[in-house]
Amino acid sequence: MRCQEIKTSTQIQKDARKNFEELVGDKLQHGSVVDMLLAAIGNEETSVYQEIDNNRTPHVWSSLTGDRLDNTGVMLNLPRKTNESDQNYRFRLMRWVTANEASNERAINDALLLPRYSSNIQFVPMTKGCGTATCYVIPKTYGEQDIKNALVEAKEIVEKTASPSLYVEYIIPKIMGVKFQIYLSVDEKADPATIKKNLSAKILEYVNNIAPNDFLEVGQINKIGILEQDVNYFSVLSVMIDGKTTDSLKILQGLDTKFLFDEIIWSGDE
């Protein structure tokens with residue numbers, strides 16, 4: 001909706017005179033005390049209108065001038081140069097904001113949130129020195145076309161946010177299959193096959209959704225099993241990552257690797 005134009009003191013006085021004459025049912029004599037009072041009120045209300053107009057859109061760059069533009073520059077730590085015009089200073093401020101956002105790790109990672117083709121995209125600066133970075137892209141699925149779509153999407157997002165001079169590598173993390181050997185004992189009235197199916201689904205969800213630079217925790221797997229209904233005993237006997245058995249209770253998933261659930265070798269109740 002279009003904002004109403006500011007009333008001048010003459011217009012305010014004219015409207016006030018009209019309202020007054022309608023209320024008293026008589027014409028107001030020009031130059032009378034009441035007429036002069038309405039003129040004074042009109043002048044004051046014009047100042048109020050102007051101040052409201054000056055403050056109604058303080059966020060609009062194109063409307064900033066004078067002291068308001070200077071105050072914005074102080075906030076952004078970029079003061080006005082001596083005798084610099086509003087037009088030049090406004091342009092320099094806008095360019096500074098854009099340049100400050102470019103190659104800013106937080107700004108780039110914010111832009112990479114909620115991608116369409118990836119479950120996660122992690123931007124890491126200075127992986128090969130100054131002016132370089134690496135983008136670790138985890139596709140939602142690992143089909144050939146899905147990987148291609150995820151890489152193209154990541155590149156398009158980064159190029160819109162980062163400085164053109166920044167060299168970025170785009171890497172699909174190495175898949176690391178995760179196998180478990182688990183001892184399970186269930187209530188004699190329960191169906192072991194159904195419980196195993198439910199547990200496998202929950203463990204798969206946990207493993208496949210571990211975030212980059214986070215840990216796979218054996219304790220969390222045991223917690224999933226113990227909390228399952230009709231389970232009497234549950235214990236992870238061993239964990240195998242990419243074909244190698246580990247006795248660690250916390251296994252780090254680095255940026256360049258991706259844990260994917262493989263299978264569970266069950267022992268105990270059959």
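Each value in this text was obtained by applying a stated rule to the coordinates, not by laboratory testing. Model, not experiment: these values are computed from the prediction. Methodologically, a virtual Cβ is constructed for each residue, glycine included, from the backbone with ideal geometry; neighbour enumeration extends over all protein chains shown.
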Past the 22 Å Cα-Cα mark, which pairs from Lys140/Lys244; Lys148/Lys244; Lys179/Lys250; Lys140/Lys202; Lys140/Lys179?
-> Lys140/Lys244; Lys148/Lys244
Under 1.5 on a/c is rounded, so check that first for the range 130-270, then, if it is not, pick prolate when a/b is larger than b/c and oblate when it is not; a ≥ b ≥ c are the square roots of the alpha carbon gyration tensor eigenvalues.
-> prolate
What nm distance separates the two modelled labels at Asp214 and Lys148, each placed 7 Å from Cα along Cα→Cβ?
-> 3.1
Lysines near Lys128 by alpha-carbon distance under 16 Å, same-chain residues fewer than 8 away left out - which ones?
-> none
What's the extension gain from Thr65 to Gln181 if we count 0.36 nm per residue and subtract their Cα-Cα distance?
-> 34.8 nm
Compute the relative contact order of the range 160-236 as a whole-number percentage, counting only Cα pairs closer than 8 Å that sit 6 or more residues apart in sequence.
-> 44
Phi-based couplings in Hz for the range 82-96 (Karplus 6.51, -1.76, 1.60; Gly and Pro marked x) | 4, 6, 6, 6, 4, 4, 5, 5, 4, 4, 5, 5, 5, 5, 5
Under 18 Å by backbone N from the virtual spin label 7 Å along Cα-to-Cβ at Ile265, the residues of the range 176-200 are 177-185, 200
